[in-house]
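*Asks:* This is the structure, below, for whatever I ask next.
The values are calculated or read from the model by the stated rules, or taken from the named source; none is laboratory data. Keep in mind it's a predicted model, so treat the numbers as computed, not measured. Surface accessibility is based on the protein's heavy atoms, side chains included, excluding ligands, DNA and RNA. Shrake-Rupley method; radii C 1.70, N 1.55, O 1.52, S 1.80 Å.
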Amino acid sequence: MACRQRPGVGVGVVVISRAHPGCVLLGRRKGAVGGGTFQLPGGHLEFGESLAECAERETLEETALHLTNVRFASTVNALSVKDNYHYVTILMKGEVDFNYESEPRNLEPDKNESWKWVKWEEFPSGDQLFWALRSLKEQGYNPFKEDLSHLVGYTGSHLYMEKENSL
């Protein structure tokens, strides 16, 4: 019997800072999967971990930033068949905690080029965003509004694949 693959579960973090109004923290991926695309901090949800704990841990591990007021932002289902990539990503939003260092450092240079504050409305085009972030933008999410209206009618369909030659 063939083994069916299951999607991974990830947590992405929309990080905002009162020192950078209208901006979100954005990095550029390195590596085989999504290399060169822009991403949010985030990673895998660990066993027994809450979504907020995962968001705080991943952001601290990748950027050295502590977060406060961490809360749910959205969820996306991103699939790229040609890359063998399928993740359900829960997006959380958090604010930089100014009781600690308030500017990011790149703590995983093997996985990320750098971190920069980028105006949400000036983000790179969708084809330059890693799949979860691209899906979030396609939903119409706005990190500076505290509503979930972007999820109305969301069916979880975000399929990214290039045309493949049929055999």
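*Asks:* Show which lysines lie in cross-link reach of Lys145 when reach means a straight Cα distance below 30 angstrom and same-chain residues fewer than eight apart are skipped.
*Replies:* Lys93, Lys116, Lys119, Lys137
*Asks:* Which values, in whole Å and largest first, are the semi-axes of the equivalent ellipsoid of the range 42-120 obtained as the square root of 5 times each eigenvalue of the Cα gyration tensor?
*Replies:* Values: eigenvalues 102, 55, 32 Å².
So the equivalent ellipsoid measures 23, 17, 13 Å along its semi-axes.
*Asks:* Using only Cα atoms, what is the ratio of the radius of gyration of the chain to 2.2 N^0.38 Å? Don't jump to the answer; show the numbers that get you there.
*Replies:* Working: Rg = 15.9 Å, N = 167, 2.2 N^0.38 = 15.4 Å.
For the chain, the normalised Cα radius of gyration comes out at 1.03.
*Asks:* Let me ask something additional. How large is the accessible surface per residue of the range 31-167, computed with a 1.4 Å probe and reported in Å² as a whole number? Each step should come with its number before you reach the end.
*Replies:* Numbers: 7750 Å² over 137 residues.
On a per-residue basis, the range 31-167 sits at 57 Å².
*Asks:* Looking at the chain as a GNM with Cα springs under 10 Å, which of Glu53, Glu101, Glu122 has the largest mean-square fluctuation?
*Replies:* In the Gaussian network model the winner is Glu122.
*Asks:* Let me ask something else. Per DSSP H run of n ≥ 4, the term is -39500 (n - 2.57); total these for the chain, divide by its residue number, and report the mean residue ellipticity at 222 nm rounded to 500 deg cm²/dmol.
*Replies:* -4000 deg cm²/dmol
*Asks:* Ignoring ligands, DNA and RNA, please state the percent of accessible area on the range 22-167 from carbon and sulfur, probe 1.4 Å. Provide the component values of the computation, followed by the final result.
*Replies:* Values: 4000 of 8020 Å².
Carbon and sulfur atoms account for 50 percent of the accessible area of the range 22-167.
*Asks:* What residue among Leu151, Leu40, Leu136 has the largest mean-square fluctuation in a Gaussian network model of the chain, using Cα springs under 10 Å?
*Replies:* Sorting by GNM fluctuation, first place goes to Leu151.
*Asks:* Mind checking which of Tyr154, Tyr141, Tyr85 has the largest fluctuation in a GNM of the chain, springs on alpha carbons under 10 Å?
*Replies:* Result: Tyr154 has the largest fluctuation of those listed.
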